[in-house]
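In what follows, a single structure is set out as structure tokens and then discussed.
The values are calculated or read from the model by the stated rules, or taken from the named source; none is laboratory data. All figures in this text were calculated on a predicted structure; none of them were measured in a lab. Note that each Cβ is placed from the backbone with ideal geometry, even for glycine, and that neighbours are counted across all protein chains shown.
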Amino acid sequence: MKEFNSKIFLDFIPKNIKDDISYHDRIVIRAILLDENNFICLHQIKRDDIFGNLIYLETPGGGKEKDESLEDGLRREILEELGYTCEIIAYLGEVKDSYDLIKQRNHVHFFLAKIKEDTHHLNRISKGDSLIEKSLKLKLEDVINIYENYADQPLLNIVKRRELPFFKILVDKLDILV
């Protein structure tokens with residue numbers, strides 16, 4: 001894994017939530033996953049639930065299992081959600097945020113990764129996986145534009161605040177890293 005000197009560490013958890021024992025903590029791993037042309041793989045999420053009736057983009061990833069490393073969890077999530085094996089290029093940083101509606105604090109770790117092989121086998125088993133309408137591959141500048149123009153909606157604000165900084169730091173560094 002390459003050393004990445006511009007790591008991001010953001011903490012969006014309000015003080016009152018940090019001290020609230022009724023919140024449960026979740027460790028999440030996410031990838032800015034690149035294909036062979038350095039297009040970014042994203043999920044189009046479609047939901048109609050407590051968070052709203054929404055369609056939006058989100059990086060692939062999910063919850064880390066108890067006895068796995070962050071890297072192994074990321075590889076597992078990419079294989080389950082997209083059917084790809086991947087090479088992890090760099091650790092990009094961490095964002096702490098919260099989903100107040102479900103009383104959850106998230107510690108989200110971001111990696112830059114590249115597709116190695118398409119196994120053509122999806123294994124979408126989690127509740128979150130059921131929200132994936134389709135997966136897309138987009139240019140970095142298009143991804144940034146989409147995220148910057150997300151509607152002012154609570155969940156979309158969380159996704160934007162959490163993921164957009166990682167896309168932006170790659171604008172000048174992507175060619176160096178891959």
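Values for this structure:
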quantity: One residue from LYS64, LYS103 being among the basic types (Lys, Arg) and more than 15 Å from the chain's Cα centre (by Cα); calculated: LYS103
quantity: Filtered residues of segment 2-53 (kept if exposed (fewer than 15 other Cβ atoms within 10 Å of the Cβ) and at positive phi); calculated: GLY52
quantity: Considering residues of segment 111-147 that are charged (D, E, K, R) and not in a strand (DSSP E or B) only, the residue nearest to GLY61 (Cα to Cα); calculated: ASP129
quantity: Segment 58-88, subset of a type in the set (Val, Ile, Thr) and either assigned to a loop (DSSP other than H, G, I, E, B) or touching a residue at least 40 places away in the same chain (Cβ under 8 Å) (or both), residue surrounded by the most Cβ atoms within 10 Å (Cβ to Cβ); calculated: ILE78
quantity: Yes/no for ILE55 being over 24 Å from ILE8 (Cβ atoms) and either at pLDDT below 95 or part of a strand (DSSP E or B) (or both); calculated: yes
quantity: Of all residues in segment 89-100 being more than 13 Å from the chain's Cα centre (by Cα) and part of a strand (DSSP E or B), the one that is surrounded by the fewest Cβ atoms within 10 Å (Cβ to Cβ); calculated: TYR99
quantity: Flag if GLU141 is more than 15 Å from ALA31 (Cα to Cα) and either surrounded by fewer than 16 Cβ atoms within 10 Å (Cβ to Cβ) or under 17 Å from the mean Cα position of the chain (by Cα) (or both); calculated: yes
quantity: Verdict on VAL108 being surrounded by 16 or more Cβ atoms within 10 Å (Cβ to Cβ), among the aliphatic types (A, V, I, L, M) and in a strand (DSSP E or B); calculated: yes
